Amino acid sequence: MLIEVDLHLHTTFSDGRLTPTKLVELCADRGLRVISISDHDSTEGLAEALEAAGRFPQLTVIPGIELSTDVPGSEIHVLGYFVDYESPVFQNTLTRFREGRQERARKMVEKLGDMGVNVSWERVQELSGGGAIGRPHVAQAMVEAGYIEFPRDAFDKYIGRNGPAYVERVKLTPADAVRVLADNGALPVMAHPTYSESKSGRDEAGSLTDTLQELKEAGLVGMEVYYGDYTPEQVDRLAGLAADFGLVPCGGSDYHASGNPDEPEPGTVGPPMETVEALKYRWKQSAAIS
Ligand code: AMP
Ligand code: MN
Ligand code: MN
Ligand code: MN
């Protein structure tokens, strides 16, 4: 069955491998109706995506973003929907985050070198194409250099969060990320709240209910429930939690065209259309208050 909504997608402006135009074309071809482009720490692909979507009247693009935070032993990512990407204050913050990513990726390449895994920093930068650089670019350079077969092997062996070449990012708490988004007028949504088989480094951070309580107080509006490779049991449990906390149940494929085997594609996983209606309603409400 085709899923018509996918609220979690990446482009070449972060660690995805399709340009915004190609991604929009793929989604339109596959019959999707509502998508959100949610690059890491960047809104730079949004203008191109919105322009491309103009050619497909049946497809709506919600401007989005994904912010990453580290917590002890794990990481928490926060999505923002209906982001005001023209806000200079917000863009300054994103520039800082992206500068932190450069520094961190360079340190990871150095650590790999110390271990005898020699990937070229110039090549990693080239692969990032000037967008928000991330571990997938390091992983891709390692595949090219023949150290590993698939990008995900780099995470399992080296740069997963407990790996020997991992480097932490700029300090930002999950509640800070929620507030950065809420201050922008965007709707903050907790991304992939629980462990995913296809991606490591996402063990549940302490007690999920405690985290949700804290983030709800900071302004969280939704959480991902329909995500990537979540099993029906995981989806049921998360849908229950979302309902308990009054959070809009969101989700999507988190598609990157990553080159990893079994990557969920757009149109294979996502929330129902009611989620889009609920998000629009919450967005209008928050705009009316501020
Ligand atoms: P970074 O933003 O630099 O911390 O890198 C995290 C990104 O790496 C995520 O957004 C995913 O795109 C990707 N990722 C995380 N874990 C894995 C994994 N086990 N295998 C492949 N890709 C992963
Ligand atoms: Mn990513
Ligand atoms: Mn994420
Ligand atoms: Mn993502």
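Just a few scattered comments:
- Ala165 vs. criteria more than 16 Å from ligand 2 (Cβ to nearest atom), farther than 29 Å from Ile62 by Cβ and at pLDDT 95 or above: yes
- Check on Ser68, in a strand (DSSP E or B) and buried (at least 16 other Cβ atoms within 10 Å of the Cβ): yes
- Some residue of the stretch 144-158 being surrounded by 15 or more Cβ atoms within 10 Å (Cβ to Cβ), of a type in the set (A, V, I, L, M, F, W, C) and within 16 Å of ligand 4 (Cβ to nearest atom): yes
- Pick from the stretch 26-65, criterion assigned to a helix (DSSP H, G or I) and aliphatic (A, V, I, L, M), ranking: nearest to Val170 (Cα to Cα): Leu46
- Pairs where the first residue, in the stretch 132-161, is acidic (Asp, Glu) and the second is within 16 Å of ligand 3 (Cβ to nearest atom), C-beta under 7 Å, 6+ apart: Asp156/Ser200
- Enumeration of residues in the stretch 247-261 that are away from ligand 2 (no atom under 13 Å from the Cβ) and assigned to a loop (DSSP other than H, G, I, E, B): Leu247, Pro261
- In the stretch 263-287, the residues that are within 16 Å of ligand 2 (Cβ to nearest atom) and either out of contact with any Gly (no Cβ under 9 Å at 6 or more places or on another chain) or more than 17 Å from Leu9 (Cβ to Cβ) (or both): Glu265
- A count restricted to the stretch 73-95 and to residues that are more than 16 Å from ligand 3 (Cβ to nearest atom), touching a residue at least 60 places away in the same chain (Cβ under 8 Å) and hydroxyl-bearing (Ser, Thr, Tyr) stands at 2.
- Selection count, the stretch 202-229, where residues are under 18 Å from Val5 (Cβ atoms) and modelled with pLDDT of 95 or more: 7
- Unmet requirement for Glu149, which otherwise passes all of (1) over 30 Å from Asp210 (Cα atoms); (2) in a helix (DSSP H, G or I); (3) of a type in the set (Asp, Glu): (2)
Conditions tested, residue by residue: (1) crowded, with 21+ Cβ neighbours inside 10 Å; (2) assigned to a loop (DSSP other than H, G, I, E, B); (3) within 16 Å of ligand 1 (Cβ to nearest atom).
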position: Arg161; (1), (2), (3): no, yes, yes
position: Ala165; (1), (2), (3): yes, yes, yes
position: Ala175; (1), (2), (3): no, no, no
position: Asp183; (1), (2), (3): no, no, no
position: Asp210; (1), (2), (3): no, no, no
position: Gln213; (1), (2), (3): no, no, no
position: Glu217; (1), (2), (3): no, no, no
position: Val225; (1), (2), (3): yes, no, no
position: Arg237; (1), (2), (3): no, no, no
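The values are calculated or read from the model by the stated rules, or taken from the named source; none is laboratory data. Computed from a predicted model, the values in this text were never measured in an experiment. Because the Cβ atoms are built from the backbone with ideal geometry, glycine has one as well, and the counts that use them run over all protein chains shown.
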